[in-house]
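Trainee: My questions all concern the structure below.
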């Protein structure tokens with residue numbers, strides 16, 4: 001498959017632009033300074049994507065180019081394993097070097113969540129102080145299901161990996177099989193607002209999305225938690241911390257632990 005590269009520089013609505021890119025089918029957005037970089041299949045409707053971005057931020061800059069051909073062996077060599085606390089996130093070709101019981105094997109295909117991004121690592125660091133044996137967990141915007149697999153490896157007995165993007169489902173299910181956790185983790189395609197009440201009560205909710213998506217989900221999360229439930233949020237820029245913290249306090253949440261890496265803020269919260 002060949003790809004089209006988009007470099008988008010938002011002007012006034014960064015969250016809205018990111019949300020628009022994901023809504024158009026982006027599987028991951030990389031930050032290059034102020035610019036957002038993402039890729040779409042070569043036959044994607046670029047004019048529609050550009051229109052969606054400009055609807056979110058009318059003064060955003062959108063540059064489109066063909067993605068350069070990539071040598072697969074060179075790309076594969078650039079993907080590394082990441083030790084995150086007591087767990088390791090590894091691509092399949094490096095996994096044999098680590099203890100399988102504490103290794104999350106993720107094929108870096110299209111879905112976001114390979115351990116290469118700071119938000120994934122931030123959530124997994126916080127999870128290691130929260131997940132208890134027998135927990136029921138909901139992972140919102142599961143992507144590759146890396147966080148769902150981590151929850152199962154840490155002792156959760158039932159995990160719902162909720163993902164609205166149909167194209168990510170197959171990769172997530174393959175990752176469950178590769179990790180031997182398909183008996184504890186179920187990938188569910190659909191919208192979190194609709195599905196969370198059906199899964200309640202859950203002891204832990206994971207949401208590594210973006211702040212503009214997380215904020216309206218907070219009431220649904222709170223309603224779905226068990227009496228001793230908690231949530232871990234990420235996908236939040238460090239510069240958004242103060243605004244998000246205020247929204248959490250106003251919504252009746254207590255901030256319990258925080259993690260920051262590469263300008264991204266992850267947070268563990270509980271209802272007050």
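Trainee: Residues of the stretch 2-26 being surrounded by fewer than 18 Cβ atoms within 10 Å (Cβ to Cβ), out of contact with any strand residue (DSSP E or B) (no Cβ under 6 Å at 6 or more places or on another chain) and more than 22 Å from residue 141 (Cα to Cα), which ones?
Mentor: 2, 11, 12
Trainee: With the condition kept exactly as written, say whether any residue in the stretch 226-237 is assigned by TED's automatic domain parsing to the domain that holds residue 140 and part of a helix (DSSP H, G or I).
Mentor: For the stretch 226-237, residues assigned by TED's automatic domain parsing to the domain that holds residue 140 and part of a helix (DSSP H, G or I): absent.
Trainee: Okay, next question. Say whether the condition of being touching a residue at least 60 places away in the same chain (Cβ under 8 Å), more than 15 Å from residue 161 (Cα to Cα) and not in a strand (DSSP E or B) is met by at least one residue in the stretch 254-264.
Mentor: Yes: the stretch 254-264 contains one or more residues that are touching a residue at least 60 places away in the same chain (Cβ under 8 Å), more than 15 Å from residue 161 (Cα to Cα) and not in a strand (DSSP E or B).
Trainee: Mind telling me which of the residues 104, 188, 149 ends up being outside any loop (DSSP other than H, G, I, E, B), outside the structural domain of residue 256 (by TED's automatic domain parsing) and either in contact (Cβ under 8 Å) with a residue 24 or more places away in the chain or over 20 Å from residue 79 (Cα atoms) (or both)? It would help to see each step written out before you state the result.
Mentor: Values: 188 fails: outside the structural domain of residue 256 (by TED's automatic domain parsing); 149 fails: outside the structural domain of residue 256 (by TED's automatic domain parsing).
Unique residue meeting the criteria: 104.
Trainee: If you check 84, 88, 46, which single one turns out to be within 26 Å of residue 263 (Cα to Cα), in contact with a strand residue (DSSP E or B) (Cβ under 6 Å, 6 or more places away or on another chain), outside the structural domain of residue 163 (by TED's automatic domain parsing) and at pLDDT 75 or above?
Mentor: 88
Trainee: Can you find, within the stretch 157-187, the residue that is nearest to residue 22 (Cα to Cα) among those that are surrounded by fewer than 18 Cβ atoms within 10 Å (Cβ to Cβ), touching a strand residue (DSSP E or B) at 6+ places or on another chain (Cβ under 8 Å) and modelled with pLDDT of 90 or more?
Mentor: Filtering the stretch 157-187 for residues that are surrounded by fewer than 18 Cβ atoms within 10 Å (Cβ to Cβ), touching a strand residue (DSSP E or B) at 6+ places or on another chain (Cβ under 8 Å) and modelled with pLDDT of 90 or more, the one nearest to residue 22 (Cα to Cα) comes out as 173.
Trainee: Yes or no: residue 271 surrounded by 16 or more Cβ atoms within 10 Å (Cβ to Cβ) and over 22 Å from residue 150 (Cβ atoms)?
Mentor: Yes.
Trainee: For residues that are surrounded by fewer than 20 Cβ atoms within 10 Å (Cβ to Cβ) and farther than 22 Å from residue 219 by Cβ, scanning just the stretch 126-151, find the one that is nearest to the chain's Cα centre (by Cα). Lay out the reasoning, then the answer.
Mentor: Filtering the stretch 126-151 down to residues surrounded by fewer than 20 Cβ atoms within 10 Å (Cβ to Cβ) leaves 128-129, 132-134, 136.
Okay, now just the ones that are also farther than 22 Å from residue 219 by Cβ, so 128-129, 132-134.
Values: 128: 17, 129: 19, 132: 21, 133: 23, 134: 23 Å.
Here the answer is 128.
Trainee: Every residue in the stretch 195-214 that is in a helix (DSSP H, G or I) and either closer than 23 Å to residue 146 by Cβ or outside the structural domain of residue 266 (by TED's automatic domain parsing) (or both), please.
Mentor: Of everything in the stretch 195-214, those that are in a helix (DSSP H, G or I) and either closer than 23 Å to residue 146 by Cβ or outside the structural domain of residue 266 (by TED's automatic domain parsing) (or both) turn out to be 195, 196, 199, 211, 212, 213, 214.
Trainee: When the stretch 193-213 is examined, which residues are found to be closer than 11 Å to residue 224 by Cα and crowded, with 20+ Cβ neighbours inside 10 Å?
Mentor: Correct list: 196, 202, 203, 204, 205.
Trainee: Moving on. Looking at the structure I just gave you, is residue 154 in contact (Cβ under 8 Å) with a residue 24 or more places away in the chain, under 23 Å from residue 265 (Cβ atoms) and surrounded by 24 or more Cβ atoms within 10 Å (Cβ to Cβ)?
Mentor: Details: in contact (Cβ under 8 Å) with a residue 24 or more places away in the chain: yes; under 23 Å from residue 265 (Cβ atoms): yes; surrounded by 24 or more Cβ atoms within 10 Å (Cβ to Cβ): no.
When the stated conditions are applied, residue 154 does not pass them.
The values are calculated or read from the model by the stated rules, or taken from the named source; none is laboratory data. Predicted model only: the values in this text are computed from it and were never measured. Quick reminder, even Gly has a Cβ in these numbers, built from the backbone with ideal geometry, and neighbours come from all protein chains shown.
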